[in-house]
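Here is the structure we will look at.
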Amino acid sequence: MPSESLRFETLEALKNSPKGKLKYSPDWLEKGEDILAGCVEVSSLSRLSGQILKRLSPRPLLKTRSLSSCVRDTSPEISRDLASAPISPRQISSPIHAEEDEQKAEGIQEDSVVSPVASSPPAISVLSPRATQMAGCILMCEHKHKARAKAELSLRQEQQERLVASVSICESEQLKRYEELMELKQRQEYQSMRDMMEKETQESLGRQEKLREEHRHRMKISNLRLREAEQQRLREAELERQRQVEGRERHRAINAIQEEVLQLNQLLQPRPSTHTDPALDHTPYITRGNQLCSQVSEVVPSSADGQFPSVEDLTVAERALQEMRSLVRNLQGEVAQAAKRKEQEEEEEKKKRHEELKAKQEEQKKTAALSAKEKPKKEGLQTGADESTLKWYSVLQEAASQCAQAFDEISRAKDTQTKKLKMELQKAATTPVSQIANISGAPLKEAFEKIDKLLSNCPVTSAGKTISTSQHPQGLEFVSYKLAEKFVKQGEEEVASNHSAAFPIAAVASGIWELHPKIGELILAHLHKKCPYAVPHYPPMERGTSVEDYQKILGYRVDDSKVEGQDSFLKRMSGMIRLYAAIIQMRWPYTGKQGPHPHGLNHGWRWLAQILNMEPLADITATILFDFLEVCGNALMKLYRGQFWKLILLIYEEYFPRIEAVTSTGQMGSVTRLKQFLETSLRTKQIPVPKSELGSAFFSS
């Protein structure tokens, strides 16, 4: 405070003054000396002390009470008590503070009241030595107490800091424990939740697995039922297919039986050219043969409208065939006996008449030869095919027409995508047929497999693209029609220029025919349309038909009202007849089927029989007979043996003169070839195997 600072400055001034030099020893209190002993007398300052104090302090000098007055007022008892009694810091501080308060009050009063005597300096009283000693002791006590208080305060601060630090550490530890507890609770809750979720997951997985198991069980049951239904359907389909196959086989067998019965019935007819006994009556045989033919004919119509003959019908037909064969054998036996009897009679007559009979016989032979030349005009053969053949021809043409109508949409399509698909399908069908060659069996088998896959709705690769008939609803009909057309065209062009190409094309065609019967019907329909002589059928010219249209019906090519030459026409007809003759005797070796040929040698025998029942045509009949016998003669000879040679003899003796009669001088080339072939065959009793026929070595290569 300012008063304290002034006090100490005053004391310092008194100390330095000559009168105020006091002896002070810090050991006074311990020695028990009287501090105020030297301060009994009142000491006074000079007049210049006030000015000195003013110079020392800028503030006005405070009015203080003199130490002497204080000492006087204080009794010796009190002073002793003060000297002997210990003074607490509070007791020391309170008088000091009280004194400071009094000084502040007096200072305020002195400032507010003007001193009456301004000229006189203020009087300053100085404490006595004992009071000074007391004040010093008090100050020392204060300093000690302050130091002790500071030490205690610092100690207490340190303790407080240690306490606060310990409390803080404890609180932090408790906070950590609390956090650990909370974390533990969270982990436990999380663990419980995870356990609950895992439990629920396991339960849901269990339920799902149970549902899956039930679903698998139901699927297994449904699959078993579907498999059983599919197996039942397959069994029924197999039974139906087997029934149809057996029905077709029975149908073919009945047709073959009917054909053979008709042929055998012709053998029952009397032949005026043969030297038989006039007493031999053919009427019973002819009547019974006609009855058997009628019986077989009654069985055949039962297979119309998609129905097949039954086993009983086949049995009836076979019995009729057996009976017909026995009739023919009996008739041939009687004819042989009659011939023997006639020979015996002739020998007897020869013995009687000698030379006259010989001359007469020569005349009779000459007369018979002349009558044989005139006989075609007298007897007259058919000018066209019989009714059953024409009906068969019409059925095939109708089937081809229906097939063409079935793919009318794809053939008339105008959009680019359908046109592109049509071209790709046509290439896929015709390219393998064009690649057939008489080289080895491997390429032939590859071409066959491509065609078979295409007709079985399987995808095939053509020109780097994958194509299938299932890509269009009418794809299969379109491919079937174009494939059959291509086979016939190969015969018309390829076989016509290269006869050795007939057998490889025929092998593939017969194999496809066997697996896909519809293709065979379409092949026959196209063949009959382009070459009616393969039926055989000589179409008559109907009213209202132009010459050009009639020539097209006969098989000629007409371009811009120009008809092709006869040589080109005969060459094309020859190629198609050769292909047909090769087809009826060829079998595809890889199918593994044991059934009969779909269009076998019996049809070749029928074709020959029908040709011989029709009036020959100039140039055409000789050409197709030679081509057919050269390709198919060896196979027919091996199958029919004696009957075949009788047929060859009939051609040479009876039918060939008819051919010569209708042939002009400029058309004798084909007639000459046929005559040489017949003479060589009859002389050697052998028909050679065709040079281009395919053997087992070819298919294994």
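The values are calculated or read from the model by the stated rules, or taken from the named source; none is laboratory data. Here the structure is a predicted model, which is why all the values come from computation and not from measurement. Here the Cβ is made from the backbone with ideal geometry for all residues, glycine too, and neighbour counts use every protein chain on show. What goes into the accessible areas is simple: the full protein's heavy atoms, side chains included, and nothing from ligands, DNA or RNA. Shrake-Rupley method; radii C 1.70, N 1.55, O 1.52, S 1.80 Å.
SER462's amide H: which non-local residues (gap 5+, or another chain) put their own amide H closer than 5 Å, with H modeled 1.01 Å from N in plane and none for Pro or chain starts?
Long-range HN contacts for SER462: ILE467.
What do you get for GluC sites (Glu not before Pro) in the stretch 518-596 restricted to DSSP loop and a cutoff of at most 10 other Cβ within 10 Å of the site's Cβ? If you can, show how the numbers build up before the last one.
Values: sites: GLU521, GLU542, GLU548, GLU564; in loops: GLU542, GLU564.
Counting only loop positions with at most 10 other Cβ atoms within 10 Å, the GluC sites (Glu not before Pro) in the stretch 518-596 are GLU542.
Just name one of TRP513, PHE503, SER546: the one whose Cα is farthest towards the positive end of the charge dipole of the stretch 486-546 (beta-carbon charges, Lys/Arg +1, Asp/Glu -1).
SER546
Does the stretch 596-674 classify as rounded, prolate or oblate by the C-alpha gyration tensor (a ≥ b ≥ c root eigenvalues; a/c under 1.5 gives rounded; else a/b over b/c gives prolate, otherwise oblate)? Before the final figure, lay out each step's value.
Numbers: a/c = 2.13, a/b = 1.90, b/c = 1.12.
Here the stretch 596-674 falls in the prolate category.
Over 18 Å between Cα atoms, which of LYS489/LYS530; LYS422/LYS482; LYS427/LYS529; LYS427/LYS453; LYS529/LYS675; LYS340/LYS638 qualify? List each step's numbers first, then the result.
Details: LYS489/LYS530 9 Å; LYS422/LYS482 11 Å; LYS427/LYS529 23 Å; LYS427/LYS453 14 Å; LYS529/LYS675 29 Å; LYS340/LYS638 29 Å.
Long pairs (Cα-Cα over 18 Å): LYS427/LYS529; LYS529/LYS675; LYS340/LYS638.
Please list, in order along the stretch 626-632, the HN-Hα scalar couplings obtained from phi with the Karplus expression 6.51 cos²θ - 1.76 cosθ + 1.60 (θ = phi - 60°), rounded to whole Hz, x for Gly and Pro.
5, 4, 5, 5, 5, 7, 10
Is the C-alpha gyration tensor of the stretch 157-266 telling us rounded, prolate or oblate? Criteria: a/c under 1.5 is rounded; beyond that, a/b larger than b/c is prolate, otherwise oblate.
Details: a/c = 27.01, a/b = 7.82, b/c = 3.45.
Because a/c hits 1.5 or more and a/b exceeds b/c, the stretch 157-266 counts as prolate.
Keeping all protein chains in place and using 1.4 angstrom, which order do GLU494, GLU398, GLU312 fall into by accessible surface area, from largest down? Don't skip to the end; give the middle numbers.
Details: GLU494 70, GLU398 100, GLU312 125 Å².
Per-residue accessible area, sorted high to low, gives GLU312, GLU398, GLU494.
Determine, from the Cβ-Cβ distance of ARG241 and LYS185 and an R0 of 56 Å, the FRET efficiency 1/(1 + (r/R0)^6), rounded to the nearest 0.05.
That gives a FRET efficiency of 0.10.
Order the following by accessible area, largest value first: VAL479, VAL316. Probe radius 1.4 Å; ligands, DNA and RNA are ignored.
Working: VAL479 0, VAL316 45 Å².
Ranked list, largest accessible area first: VAL316, VAL479.
Which pairs in the list LYS391/LYS685; LYS15/LYS146; LYS518/LYS562 are over 31 Å apart, alpha-carbon to alpha-carbon?
Pairs exceeding the cut-off: LYS391/LYS685; LYS518/LYS562.
If you roll a 1.4 Å probe over the heavy atoms of the protein chains, what accessible area per residue do you get for the stretch 444-593, in Å²?
Values: 6230 Å² over 150 residues.
It amounts to 42 Å² per residue over the stretch 444-593.
Might you work out the accessible area of LYS562 for me, using a 1.4 Å probe with all protein chains in place, and round it to the nearest 10 Å²?
My reading of the accessible area for LYS562 is about 150 Å².
Report SER500's accessible area, 1.4 Å probe, all protein chains in place, as a number in Å² to the nearest 10.
That residue has around 40 Å² of solvent-accessible surface.
Stretch LEU205-ARG225 to full length: gain in nm at 0.36 nm per residue minus the Cα-Cα span?
Numbers: separation 20, 0.36 × 20 = 7.20 nm, distance 2.92 nm.
Here the answer is 4.3 nm.
Tell me whether the stretch 556-701 comes out rounded, prolate or oblate; compute the Cα gyration tensor, take square roots of the eigenvalues as a ≥ b ≥ c, and use a/c under 1.5 as the rounded threshold. Don't jump to the answer; show the numbers that get you there.
Working: a/c = 2.00, a/b = 1.31, b/c = 1.53.
Taking the square roots of the gyration eigenvalues as a ≥ b ≥ c, the stretch 556-701 is oblate.
Which order do ASP567, ASP386, ASP559 take when ranked by solvent-accessible area (1.4 Å probe, heavy atoms of all protein chains), largest first?
Working: ASP567 125, ASP386 50, ASP559 105 Å².
Result, largest first: ASP567, ASP559, ASP386.
If you roll a 1.4 angstrom probe over the protein chains with everything in place, what fraction of the accessible area of the stretch 538-607 belongs to carbon and sulfur, to the nearest %? Mind dumping the intermediate values first?
Working: 1730 of 3560 Å².
Carbon and sulfur atoms account for 49 percent of the accessible area of the stretch 538-607.
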